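The values are calculated or read from the model by the stated rules, or taken from the named source; none is laboratory data. Nothing here was measured: the structure is a model prediction, and the numbers come from that model. Here the Cβ positions follow ideal geometry from the backbone for every residue, glycine too, while neighbour counts run over all protein chains shown. Calculation scope for accessible area: heavy atoms of the full protein, side chains included, ligands and nucleic acids excluded. Shrake-Rupley method; radii C 1.70, N 1.55, O 1.52, S 1.80 Å.
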Amino acid sequence: MSKRNTQQRRHQILSQINEAGEASVEELARQFETSEVTIRKDLAAMEVSGLLLRRHGGAIPLPRELVAEDPLSQTKRAIGRAAAELIRDHNRIVIDYGRTTTGLIPELNHKRGLVVMTNSLHVANQLRELENEPTLLMTGGTWDPHFEAFQGQVAEQVLRGYDFDQAFIGADGIDLERGTCTFNEQIGLSRVMADVAREVVVMAESSKVGRRIPNLELSWEMFGTLVTDSGIEDKVCAQLESRGLRVICADV
């Protein structure tokens, strides 16, 4: 089925769920004369996009209090869209754990032939729901329940066996003197991701630019592109660009 038909079906599914208050996978598959697997992928993609909530066997509309999205969520999605424009069909990419990097996933549905490695279980689950079904690779390693991601030497060794076109890495803060920084003390894996990728893209909201956190993650020479939002100050943007950094500001 063409992308246009897919979008039309999803629009109709959303309208029906908002009208009726719920819909089951079984009835939607029958109505649209498609498989339940396809409907589940539709619902998963729409949930990632913040359009509905999945429930066992179907979906319901977003609660009224969530319909007006908080600005931070809108910002993450805008950053995800801008970052996705850097990705070409058939690219090999690696995505680090993080809420901002997860905003990239819905936009990958428009890319063909991707190979994606991640250390994040959440990212992996979202990738599995995409209709274009990119090839998914996991780093493995030591499970960190706090960050819901794999870390450690095993994960680093696995990563070093690959090479990637791009790495997409988040940041808890961007220290204007040192580079990206994080609350996570396990920073080795992110650095290996940067080592094995031809292009390293940091994704971070403008509110994090200028925030100083003790754990330095990526120094300036380790990445070349920052995707942030239009809330960044012009003088700060100029300061970053003076370091040779390409700064992309997503409109929110």
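Please report, in cubic angstrom per residue, the volume enclosed by the convex hull of the alpha-carbon atoms of the chain. Could the numbers behind the result be given before it?
Numbers: hull volume 32.6 nm³, N = 252.
So the per-residue Cα hull volume is 129 Å³.
Accessible area, 1.4 Å probe, largest first: how do Y162, Y97 sort? Could the numbers behind the result be given before it?
Values: Y162 80, Y97 40 Å².
Sorted descending by solvent-accessible area, the residues read Y162, Y97.
With a 1.4 Å probe and every protein chain left in place, work out the accessible area per residue of the chain in Å², rounded to a whole number.
Values: 12690 Å² over 252 residues.
That works out to 50 Å² per residue.
How much net charge surrounds L137 when only other residues with a Cβ under 13 Å from its Cβ are counted (Lys, Arg +1; Asp, Glu -1)?
Values: positive: R92, R128; negative: D163.
Taking every Cβ under 13 Å from that of L137, the sum is +1.
Scan the chain and hand back the longest stretch that contains none of the trypsin sites (Lys or Arg not before Pro) lying in DSSP loops with at most 13 other Cβ atoms within 10 Å. Numbers along the way, then the final one.
Details: sites that count: R88, R112, R160, R212, R243.
Counting at most 13 other Cβ atoms within 10 Å as exposed, the longest clean stretch of the chain is 1-87.
5 Å is the cut-off here: which amide hydrogens, built 1.01 Å from N in the peptide plane, fall below it relative to T225, excluding neighbours closer than 5 in sequence?
Excluding prolines and chain starts, which carry no amide H, the hits are V200, V202, R246.
With only Lys, Arg, Asp and Glu charged, each at its Cβ (+1 for the first two, -1 for the last two), find how big the charge dipole of segment 61-172 is about the Cα centre; round to the nearest 20 debye. It would help to have the intermediate numbers written out before the result.
Numbers: 11 positive and 16 negative charges, 41 e Å.
In total the dipole reaches around 200 debye.
Is the shape of segment 173-231 best called rounded, prolate or oblate, per the rule: a/c under 1.5 gives rounded, else a/b larger than b/c gives prolate, else oblate, with a ≥ b ≥ c the square roots of the Cα gyration tensor eigenvalues?
Working: a/c = 1.94, a/b = 1.19, b/c = 1.63.
Oblate shape, in that a/c is at least 1.5 and b/c is the bigger or equal ratio.
log10 I(q)/I(0), Debye, Cα-only segment 102-188, no solvent, q = 0.24 Å⁻¹?
-1.32
Using the basic label-point model (7 angstrom from Cα toward the beta carbon), what is the F183 to R99 distance in nanometres?
Placing both labels 7 Å beyond Cα along the Cβ direction yields 1.0 nm.
Just how much of H90 is accessible, in Å², when a 1.4 Å probe is used and the result is rounded to the nearest 10?
Solvent-accessible area, nearest 10 Å²: 130 Å².
Considering only protein heavy atoms and a 1.4 Å probe, what is the carbon-and-sulfur percentage of the accessible area of the chain? Could you put the intermediate results ahead of the total?
Details: 5880 of 12690 Å².
Here it works out to 46 percent.
For the chain, what number of Lys pairs, 8 or more residues apart or on separate chains, have alpha-carbon atoms under 25 Å from each other?
Within the chain, the lysine pair count is 9.
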